[in-house]
1. What distance in nm separates the simple spin-label points at residue 58 and residue 11, each placed 7 Å from Cα in the Cβ direction?
2. Sequence-distant or interchain residues sharing an amide H contact under 5 Å with residue 4, placed H: which?
3. Do the sum for the chain: with -39,500 (n - 2.57) for every DSSP H run of n ≥ 4, divided by all residues, what is the mean residue ellipticity at 222 nm, to the nearest 500 deg cm²/dmol?
4. Can you work out ³J(HN,Hα) from phi for every residue in segment 61-75, in order, using Karplus 6.51 cos²θ - 1.76 cosθ + 1.60 and θ = phi - 60°, giving whole Hz and x for Gly and Pro?
5. Just tell me which lysines come within less than 18 Å, Cα to Cα, of residue 7; anything on the same chain fewer than 8 places away is out.
6. With charges set only on the Cβ (+1 for Lys and Arg, -1 for Asp and Glu), what does the dipole of the chain come to about its Cα centre, in debye to the nearest 20?
7. Measuring from label point to label point, each 7 Å out along Cα→Cβ, what is the residue 18 to residue 70 span in nm?
8. List, in order, the whole-Hz ³J(HN,Hα) value for each residue of segment 31-36 obtained from phi through the Karplus relation with A = 6.51, B = -1.76, C = 1.60 and θ = phi - 60°; use x for Gly and Pro.
Amino acid sequence: MFKIEAKRRVLRALEKLDRERKDRVREVLIALRMDPVPFRRFDVVKLRGYENFYRIRIGDLRIIYEVKWRDRKILIHFIGERERAYERF
């Protein structure tokens with residue numbers, strides 16, 4: 001099982017989401033604890049140019065996260081709209 005950590009701005013972004021989106025994100029985060037790269041259940045893509053960084057698409061939302069395999073941790077870098085997802089994280 002992996003431990004999930006999130007940056008402060010991710011937590012603030014989660015607070016702003018409506019209930020339906022929060023529930024969907026919660027479902028994804030629960031799945032990530034068991035399988036850090038759930039290709040079969042969700043639209044997951046490894047980000048080019050980065051080692052161990054992945055993106056999950058949930059409609060127009062993007063979750064960008066890093067898997068730290070050795071520490072068995074997942075660090076969520078970004079949750080938000082597609083337009084802002086790739087600016088920086």
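The values are calculated or read from the model by the stated rules, or taken from the named source; none is laboratory data. What you are looking at is a predicted structure, and each value in this text was computed from that prediction instead of being measured. Quick reminder, even Gly has a Cβ in these numbers, built from the backbone with ideal geometry, and neighbours come from all protein chains shown. The area values use the complete protein model at the heavy-atom level, side chains included, leaving out ligands, DNA and RNA. Shrake-Rupley method; radii C 1.70, N 1.55, O 1.52, S 1.80 Å.
1. Inter-label distance under the simple model: 1.8 nm.
2. When sequence neighbours closer than 5 places are left aside, the close amide H contacts are 74.
3. Values: 3 runs with 29 residues, N = 89.
Taken over the chain, the calculation gives -9500 deg cm²/dmol.
4. For segment 61-75, the Karplus curve yields 8, 10, 10, 10, 9, 10, 9, 9, 4, 4, 8, 6, 10, 10, 10 Hz.
5. Of all the lysines, those that pass the test against residue 7 - Cα under 18 Å, at least 8 places apart if same chain - are 16, 22, 68, 73.
6. Details: 26 positive and 15 negative charges, 46 e Å.
Its charge dipole is roughly 220 debye.
7. Those two pseudo-labels are separated by 4.4 nm.
8. For segment 31-36, the Karplus curve yields 5, 5, 4, 8, 9, x Hz.
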